[in-house]
Amino acid sequence: MASAKKKIWETIASGLPQVDFSAQYNHSIDVPVSLLPAEIIPEDMRPPGIDAGDKVPVSFGTAYDGSYSSSVSEIIFAGSYFGNRSLDF
C-alpha cells in the first residue's frame, strides 16, 4: 500500500511545474597572449622602446566570465499522465 501511494505522488509531482536553474563562473588564471607585429600599431601609439620589427604581446580574452540559464516547464496535456482510462459515451 505504501509503494502505491509513493507511485501516485511521483506521478502527481511529474505533472507539476518544473523549474531548472544553472550557473557557471570561470576564472582564467592565465589569459592567452598573442604576439602581433608592431607594424600594425601606428607609430605614435606604440609603447616606448618598441620598434617596427618587434612583436607586441596582446591578450584577446577576459580573466573572468560567467553565464546562467533558467527554464520552467509543465505538462499541459499528456495521455500518459492521465492514465489509460477508457471513456464510455
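The values are calculated or read from the model by the stated rules, or taken from the named source; none is laboratory data. The model shown is predicted, which means the values in this text are computed figures rather than measured ones. Every residue, glycine among them, receives a Cβ derived from its backbone with ideal geometry; neighbour counts consider all protein chains shown.
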Exactly one of these conditions fails for Lys7: (1) loosely packed, with under 10 Cβ neighbours inside 10 Å; (2) under 30 Å from Phe77 (Cα atoms); (3) free of Cβ contacts under 8 Å to residues at least 40 places away in the same chain. Give me its number.
(1)
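Across the stretch 10-31, what is the total count of residues that are over 16 Å from Ile75 (Cβ atoms) and assigned to a helix (DSSP H, G or I)? Show your work before the answer.
Filtering the stretch 10-31 for residues over 16 Å from Ile75 (Cβ atoms) gives 21-31.
Still in the running and assigned to a helix (DSSP H, G or I): none.
So the answer is 0.
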If Asn84 passes every condition in (1) closer than 30 Å to Lys7 by Cβ; (2) of a type outside the set (Phe, Trp, Tyr); (3) modelled with pLDDT of 85 or more but one, which one does it miss?
(3)
If Asp20 meets every condition in (1) among the charged types (D, E, K, R); (2) surrounded by 10 or more Cβ atoms within 10 Å (Cβ to Cβ); (3) modelled with pLDDT of 90 or more apart from one, which number is that one?
(2)
